[in-house]
């Protein structure tokens, strides 16, 4: 998380480091802004407006990131995840454990990419997987950059902004019954990961 902040979010990091008061709350706000949970200050957006995706990388020392879900799912967990995804209709198609294995290995499904039935629901599903420490905090970036899931309406791969908005809507509204069900089902997936971001 710190690496992503320092390497890929320079303007956001500088904004907070230049404040007179830098506290634990500042760190939480900075992380929430990076993950699209709350809006960035206009000055940060202005500083990044000339760059694609709003990130600054030092061209003198490029460090290609290893971008994946940072997860370890055995066959049992893949079956559980596929069953949950089908039960709450995350995708337009019924998915199998091998579909989920490819997804979490960052391999787009062929010949037809996975389609999100409802972006808000899909975003909440992955946000919940992260909440219970099954996948990385940067799952939105992983899905976007590997073009793993598309909108069934536009047929185009989802961008981080699409998913951030979905997570934002869920965070500031009372959970709907389907979201409460997702939360309850994902909570049942056994957790063995340590030091997850």
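Rule-based calculations on the coordinates, nothing more; no lab input. None of these values were measured; they are calculated from a predicted model. Note that we place each Cβ from the backbone using ideal geometry, even for glycine, and neighbour counts take in every protein chain shown.
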- Fewest to most neighbouring Cβ within 10 Å: what's the order for 21, 74, 32, 99? 21, 74, 32, 99
- Query: At a Förster distance of 35 Å, what's the computed FRET efficiency of residue 94 paired with residue 37, Cβ-Cβ distance as r, to 0.05?
  - Reply: 0.65
- Item | Exposure proxy ranking, count of Cβ atoms within 10 Å, fewest first, for 2, 38 | 2, 38
- Item | Burial ordering of 70, 147, fewest other beta-carbon atoms within 10 Å first | 147, 70
- How much length, in nm to one decimal, is gained on full extension between residue 154 and residue 175, taken as 0.36 nm per residue of separation minus their Cα-Cα distance? 5.0 nm
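Rounded to the nearest 0.05, what FRET efficiency do residue 191 and residue 110 give with R0 = 35 Å and r taken as the Cβ-Cβ distance? Could you check?
Values: r = 31 Å, r/R0 = 0.88.
So the FRET efficiency works out to roughly 0.70.
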- Along each of the three principal axes of the Cα atoms of the range 62-179, give the extent in whole Å, ordering the values from largest to smallest. 39, 35, 30
